[in-house]
Amino acid sequence: MSSYDISPISPFGLALRATEVGISVTDIPIGTLRPFVQQHHLVLLRGFETFSEPDELSAYCARWGELSVWPFGTVLELVEKERPEDHIFDSSYMPMHWDGMYREQIPEFQVFQCVHAPGAGNGGETTFSHTTAVLENTDPAVVERWSKVTGTYHRAMEFYDSVTVAPVVDAHPVHGAPVIRYNEPTAADDAGFVNHPDLSFSGLPDKEIAAFHRDLRAALYDPAHLHAHSWETGDLVITDNYTLLHGRNGFTSGAPRHLRRVQVLGNPPLDNPGLVR
């Protein structure tokens with residue numbers, strides 16, 4: 001414990017900051033970090049030695065559990081592309097969503113490594129919303145209305161072409177607490193957004209759907225529930241994908257923002273209950 005300090009992050013999460021030079025994230029037992037993430041939902045490791053190569057990051061994450069394997073492997077390189085075919089690789093904002101919603105299994109943890117920060121004033125914060133807190137702090141009558149809504153989501157991109165159907169208010173797969181599963185819609189006329197997903201929502205009268213989106217979005221982005229993480233080179237952030245939704249603030253095109261992301265499955269792995277195809 002003498003090699004790092006622990007402090008809370010507002011409005012949720014823990015920050016572990018190295019107090020000695022040369023301390024590696026691998027020096028902190030996974031058995032120490034796992035309950036921190038499960039309880040606080042987001043853990044930042046800052047000032048530690050991390051990983052120079054993606055294979056090193058993957059090997060570290062495998063100590064957490066079984067990894068999600070994609071066509072590209074286990075490590076997604078999040079870097080802006082010159083001519084992106086999807087908003088993942090663009091500099092635009094990314095709407096709130098949960099990882100694995102379009103895949104056969106939903107990861108429990110996300111591990112992000114900041115290889116290079118975008119730089120001060122360039123944006124690119126990763127946004128996280130604590131959905132259990134959203135539901136706890138919202139009028140029960142409003143939550144009851146949200147609970148009637150089901151989202152149908154279709155997304156086609158390089159790595160999949162999938163449809164999933166999920167209730168907006170669902171139960172945490174481990175302890176059963178209410179959580180929100182939601183892919184925030186984007187404006188259809190936003191010409192700068194690359195590859196819009198096809199989303200529809202049912203369960204309320206059509207005239208109430210716009211208000212549903214407005215109220216839910218306001219709650220997700222309320223400062224009491226939202227952490228927008230400003231990246232510093234070398235940061236390692238581990239998050240609870242079962243509880244949080246996440247997105248991204250837009251950033252200056254050409255800024256040197258480079259993240260790596262690995263997904264860790266639960267034990268046992270969680271099969272996606274809403275995947276249609």
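The values are calculated or read from the model by the stated rules, or taken from the named source; none is laboratory data. Note that the structure is a prediction, hence the values are computed from the model and not measured. Counting neighbours? That spans all protein chains shown, and the Cβs are built from the backbone with ideal geometry, glycine included.
Listing for the model above:
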quantity: Residue count for the stretch 147-180, restricted to those that are among the charged types (D, E, K, R), farther than 12 Å from Y102 by Cβ and crowded, with 16+ Cβ neighbours inside 10 Å; calculated: 1
quantity: Contacts under 6 angstrom Cβ, first residue in the stretch 1-21 being under 14 Å from T32 (Cα atoms), partner modelled with pLDDT of 95 or more and of a type in the set (G, A, S), 6 or more apart; calculated: Y4/A18; A15/S7
quantity: Count - residues of the stretch 19-75 that are closer than 26 Å to L226 by Cα, out of contact with any Ser or Thr (no Cβ under 9 Å at 6 or more places or on another chain) and assigned to a loop (DSSP other than H, G, I, E, B); calculated: 1
quantity: Answer residue from the stretch 1-31, given it is in contact with a strand residue (DSSP E or B) (Cβ under 9 Å, 6 or more places away or on another chain) and hydroxyl-bearing (S, T, Y) and is surrounded by the fewest Cβ atoms within 10 Å (Cβ to Cβ) among those; calculated: S10
quantity: Tabulated pairs, the stretch 107-136, first under 17 Å from F36 (Cα atoms), second among the aromatic types (F, W, Y) and not in a loop (DSSP other than H, G, I, E, B), C-beta under 8 angstrom, 6+ apart or interchain; calculated: V111/Y60
quantity: Qualifying residue in the stretch 258-273 (condition: more than 30 Å from R46 (Cα to Cα), acidic (D, E) and surrounded by fewer than 18 Cβ atoms within 10 Å (Cβ to Cβ)); calculated: yes
quantity: Of all residues making up the stretch 94-142, the number that are in a helix (DSSP H, G or I) and touching a strand residue (DSSP E or B) at 6+ places or on another chain (Cβ under 7 Å); calculated: 4
quantity: Filtered residue count, the stretch 191-241, keeping only those that are within 21 Å of L16 (Cβ to Cβ) and not hydrophobic (A, V, I, L, M, F, W, C); calculated: 10
quantity: Test: residue in the stretch 245-260 that is more than 23 Å from F193 (Cα to Cα) and either modelled with pLDDT under 95 or touching a strand residue (DSSP E or B) at 6+ places or on another chain (Cβ under 7 Å) (or both); calculated: no
quantity: Residues of the stretch 150-194 that turn out to be touching a residue at least 12 places away in the same chain (Cβ under 8 Å), within 22 Å of R214 (Cα to Cα), assigned to a loop (DSSP other than H, G, I, E, B) and not charged (D, E, K, R), as a count; calculated: 7
quantity: Among the residues listed as D215, D235, D271, the single one being closer than 17 Å to C114 by Cβ and among the acidic types (D, E); calculated: D235
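Here's the yes/no breakdown for (1) surrounded by fewer than 19 Cβ atoms within 10 Å (Cβ to Cβ); (2) of a type in the set (A, V, I, L, M, F, W, C); (3) touching a Leu at 6+ places or on another chain (Cβ under 9 Å):
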site	(1), (2), (3)
F36	yes, yes, yes
E49	yes, no, no
C61	no, yes, yes
S68	no, no, yes
F72	yes, yes, no
V75	no, yes, yes
S91	no, no, no
Y102	no, no, yes
A117	no, yes, no
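Table: residues versus (1) over 25 Å from A228 (Cα atoms); (2) of a type in the set (S, T, Y); (3) modelled with pLDDT under 95.
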{"site": "F112", "(1), (2), (3)": "no, no, no"}
{"site": "G124", "(1), (2), (3)": "no, no, no"}
{"site": "T127", "(1), (2), (3)": "no, yes, no"}
{"site": "H130", "(1), (2), (3)": "no, no, no"}
{"site": "A141", "(1), (2), (3)": "yes, no, no"}
{"site": "V163", "(1), (2), (3)": "yes, no, no"}
{"site": "P167", "(1), (2), (3)": "yes, no, no"}
